[in-house]
Amino acid sequence: MIETGNDGRTWLLTGRTSSYALRLTDADELLHLHWGPRITPADVAELATIPLPGERGFESRLDGHEEYPVEGGPRFAEPALIVRSETVRGTEWTFGDAVVDGDELRLGFRDDLAGLSLVLHYRLREGHDVLERWTDLTHTGRDGTLEVLRADSATWSLPLRDSWRLSQLHGRWGAESVLVRSAVTYGGKTIGSRRGHTGHQHLPWVALDPEGSATEEHGEVFSCALAWSGSWRIATRQLPGGRVQITGGCGHDDTGLVLLGPGDTFTTPVFAGVWSAEGFGGASAAWHRWQLEHVVPRADQDRPVLYNSWEATGFDVGEAQQRALAERAAAIGAELFVVDDGWFGTRTSDRSGLGDWTPNPDRFPDGLAPLATAVHELGMRFGIWVEPEMVNPDSDLYRRHPEWVQHVPGRVPAQFRNQLVLNLAREDVASYVEDQVHRLLESAPIDYVKWDFNRCFTDPGWPGEPYPQRLWVDHVRALYGILDRLRAAHPEVAFEACSGGGGRVDLGILSRTDQVWTSDNTDPADRLAIQYGFSQLHPARVMAAWVTDSPNHQMNGRVSSLRFRFVSAMAGVLGVGGHLTRWSEEDLAEARRWIDLYKSVRPVVQRGRLYRIGQPDGPGVSAVQYVLGDETVVLAFLRSQRFGEEPAPLRLRGLDPGATYVCRDSGREHRGAVLAHHGLRTGLRGDLDAAVFRLRRARTD
Ligand code: GLA
């Protein structure tokens, strides 16, 4: 709901539990008033009367108070907008109009001297607390070019409190989304990527809680996340007066984002924010529900259990061997069979073939259709791996079009994984790539595409293009356009986003893919921490997790039971990636039982409200609990136990204290109040133990 003040210069957006308010001064300064619990127009009226501090000494009266602080005038905070022309540096805005359009507020401004218009968008969807913000910048002049060095999507202002704590998700390849918390101190802290893709190093997400007071269930949390899959930055800054602002957008530095000619508009990605009074768990739940209802395509449909051959066969794939794996996968209950890297061109290792998207005739003499048909006959869907934005120099495509890669003539290009990045910002390259994938999808009954991206930008040159900087943004826009058109042309095909595991996990890619590959690290114990971090922002419904072989040869060689591997992977979209033709009959039978169990809890795991109980690296038992309607599922884990130290029972959440719950596995009845206050005894012991509990509300007394 959006309410406009009587003078037409204050606005109040109200969601399920939160409100957001802003006001325009007589001098057309757009000031932040409120982000927090629900308030009324009368409250906004009072907030609007609180004057800004007067100019004192060297301090700006505006810094820390503005909705969209720009470069120019008496402002020294981190600017959201930096624009250059030959004659003008900085911008100065005059209010134009306010438009309330359903759940969206648009505030328009103009700067006649710079020849620019600015529209700030705010959208708070009915029944949600996630406020989506983004910005349009338009060149309104008749001539000249404006260089936009930075155009952030939004700046978020926090209320003045004694202190703040920052939570972020950092990582690296094989160890993504690790949650860390630190005190906010004066000055700035910037996270982001200057790699051309989202990166394994940071998820575009932050959460701040005042005085470090929030827990998993209680306390205020202010959290922001960016919907962009290229280079990006989120800067959290505590200003001299103590106020904290978070500004973010696409592009890492202010060294050039886009050129605007007359009539051109640059629209930023969405930078969304959520306020919760229910701690980190409450903030996550708000993020999850919003993504399931408004971001992730077809999120009401459960994702199938997949089998992927990558860890089993690597590049050494062939039709007979894949058929043998498919038979085993079908027998244990997999519903989707995915052939990973190595099926195309001359791709027998990572040294050649990328770019040539036709089946390798030695490996698949009659193309992919026979295998796809066989997989369908086994009752599974069929998927393939592609990496369409890349090329190996040893490929037919590169030999035909060496000029299609990002490169700087005269410089030796860096090769990561023996591959180069195609310049998707070029329309001819983007339409070729799209056409190749389109043809591939028409060449065989393919139901699923794992779309990979296995290196960073290092040579962002574009010979002949006067403004090569634009390839950073235009690559991502081209990728989005290709995915959108492929989805429209092949609505039955599902897409998984992958970038060496979790190198491209963000709200932008998630609005056009069905799930993401969380990490190349399939070690079930390491995964618990990765998944714990991932769940801060994203729901289980998009988090792919595989059960692979033990010892885990891909990563750390850790030995773990099939039980522990399955329960760990059941926390998301379950998959299997082990070498099934080497598994014993007992292991296959056990796998079948776990997959059957997963299918029985899948709607609750993938679409239920998620609760994190304890921390996977902490002492004792930790768990992920999911609640959907009357059903509750608990996945419990014990990393290690010392003799004589009995782990505390798991105190469950989200249950009705007055109800009786039946454990579908033990047949035992439990009172909701007892489960909440005294807990569920898990019986876990030893090292790397895990269990699943399925509870159903039986009756309310
Ligand atoms: C990336 C992916 C893996 C696998 C390989 C194939 O590393 O993350 O899952 O698909 O590429 O080369």
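The values are calculated or read from the model by the stated rules, or taken from the named source; none is laboratory data. In this text, all values refer to a predicted model and were calculated from it rather than measured experimentally. No Cβ is skipped: glycine too gets one built from the backbone with ideal geometry, and neighbour counts run over all protein chains shown. Please note that ligands, DNA and RNA were not included when accessible areas were found on the heavy atoms of the full protein model with its side chains. Shrake-Rupley method; radii C 1.70, N 1.55, O 1.52, S 1.80 Å.
For every residue, the table says whether it meets (1) surrounded by fewer than 22 Cβ atoms within 10 Å (Cβ to Cβ); (2) more than 16 Å from the ligand (Cβ to nearest atom); (3) in the same structural domain as S231 (by TED's automatic domain parsing).
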position	(1), (2), (3)
V493	yes, yes, no
C498	no, no, no
G503	no, no, no
L510	no, yes, no
A529	yes, yes, no
S535	no, yes, no
R541	no, yes, no
A544	no, no, no
M555	yes, no, no
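Yes/no matrix, rows are residues, columns are (1) free of Cβ contacts under 8 Å to residues at least 40 places away in the same chain; (2) loosely packed, with under 15 Cβ neighbours inside 10 Å:
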site: L635; (1), (2): no, no
site: F643; (1), (2): yes, yes
site: E646; (1), (2): yes, yes
site: L650; (1), (2): yes, no
site: P657; (1), (2): yes, yes
site: H670; (1), (2): yes, no
site: H677; (1), (2): yes, yes
site: R681; (1), (2): yes, yes
site: L684; (1), (2): no, no
Qualifying residues in region 580-633 (those that are assigned to a loop (DSSP other than H, G, I, E, B) and among the polar types (S, T, N, Q)) - the one most open to solvent (accessible area, probe 1.4 Å):
Q615
Got at least one residue in region 294-304 being at pLDDT 95 or above, outside any loop (DSSP other than H, G, I, E, B) and not assigned by TED's automatic domain parsing to the domain that holds R351?
yes
Give me the strands (runs of 3 or more DSSP E) completely within region 192-244, filtered to those with at least 1 residues that are touching an Asp or Glu at 6+ places or on another chain (Cβ under 6 Å), open to solvent by less than 10 Å² (accessible area, probe 1.4 Å) and over 19 Å from H65 (Cα atoms), ordered by residue number.
202-210, 221-226
Kindly indicate whether Y448 is away from the ligand (no atom under 16 Å from the Cβ) and at negative phi.
no
So which residues in region 331-378 are in a loop (DSSP other than H, G, I, E, B), more than 16 Å from the ligand (Cβ to nearest atom) and more than 17 Å from D452 (Cα to Cα)?
G333, A334, E335, P361, D362, F364, P365, D366, G367, L368, L378
Tally the residues that are more than 34 Å from the chain's Cα centre (by Cα) and under 20 Å from L120 (Cβ atoms), restricting the search to region 23-50.
6
Can you report the number of residues in region 512-527 which are near the ligand (Cβ under 10 Å from one of its atoms) and either touching a Pro at 6+ places or on another chain (Cβ under 6 Å) or not in a loop (DSSP other than H, G, I, E, B) (or both)?
1
Just a yes or no: is a residue in region 395-406 within 16 Å of the ligand (Cβ to nearest atom) and modelled with pLDDT of 95 or more?
yes
Out of curiosity, is L397 part of a loop (DSSP other than H, G, I, E, B), open to solvent by less than 10 Å² (accessible area, probe 1.4 Å) and not acidic (D, E)?
no
Does P657 qualify as being assigned to a loop (DSSP other than H, G, I, E, B) and modelled with pLDDT of 95 or more?
yes
Please pick out the residue among Q469, Q415 that is away from the ligand (no atom under 16 Å from the Cβ), in the same structural domain as L378 (by TED's automatic domain parsing) and surrounded by fewer than 22 Cβ atoms within 10 Å (Cβ to Cβ).
Q469
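Residues in region 232-258 that are hydroxyl-bearing (S, T, Y) and modelled with pLDDT under 95: how many?
Residues that pass the stated criteria total 1.
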Where in region 6-71 are the strands (runs of 3 or more DSSP E), entirely inside, with at least 1 residues that are open to solvent by 30 Å² or more (accessible area, probe 1.4 Å) and touching a residue at least 40 places away in the same chain (Cβ under 8 Å)?
30-37
Among (1) surrounded by fewer than 19 Cβ atoms within 10 Å (Cβ to Cβ); (2) in contact with a Ser or Thr (Cβ under 9 Å, 6 or more places away or on another chain); (3) touching a residue at least 40 places away in the same chain (Cβ under 8 Å), A331 falls short only on (2)
Do we find that V567 is within 16 Å of the ligand (Cβ to nearest atom) and surrounded by 19 or more Cβ atoms within 10 Å (Cβ to Cβ) in this structure?
no
I need a count of the residues in region 418-466 that are open to solvent by 10 Å² or more (accessible area, probe 1.4 Å), within 27 Å of S519 (Cα to Cα) and among the hydroxyl-bearing types (S, T, Y).
1
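Kindly indicate whether any position in region 303-312 is within 23 Å of D484 (Cα to Cα) and open to solvent by 10 Å² or more (accessible area, probe 1.4 Å).
yes
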Of everything in region 477-512, what is over 23 Å from W546 (Cβ atoms) and within 15 Å of the chain's Cα centre (by Cα)? Give them in sequence order.
Y480, L507, G508, S511
In region 137-155, is there at least one residue being polar (S, T, N, Q), in a strand (DSSP E or B), surrounded by 16 or more Cβ atoms within 10 Å (Cβ to Cβ) and in contact with a His (Cβ under 7 Å, 6 or more places away or on another chain)?
no
Top-ranked residue of region 158-183 - restricted to ones that are under 30 Å from C456 (Cα atoms) and assigned to a loop (DSSP other than H, G, I, E, B), ranked as most open to solvent (accessible area, probe 1.4 Å):
W173
Can you find a residue in region 249-267 that is polar (S, T, N, Q) and closer than 21 Å to T138 by Cβ?
yes
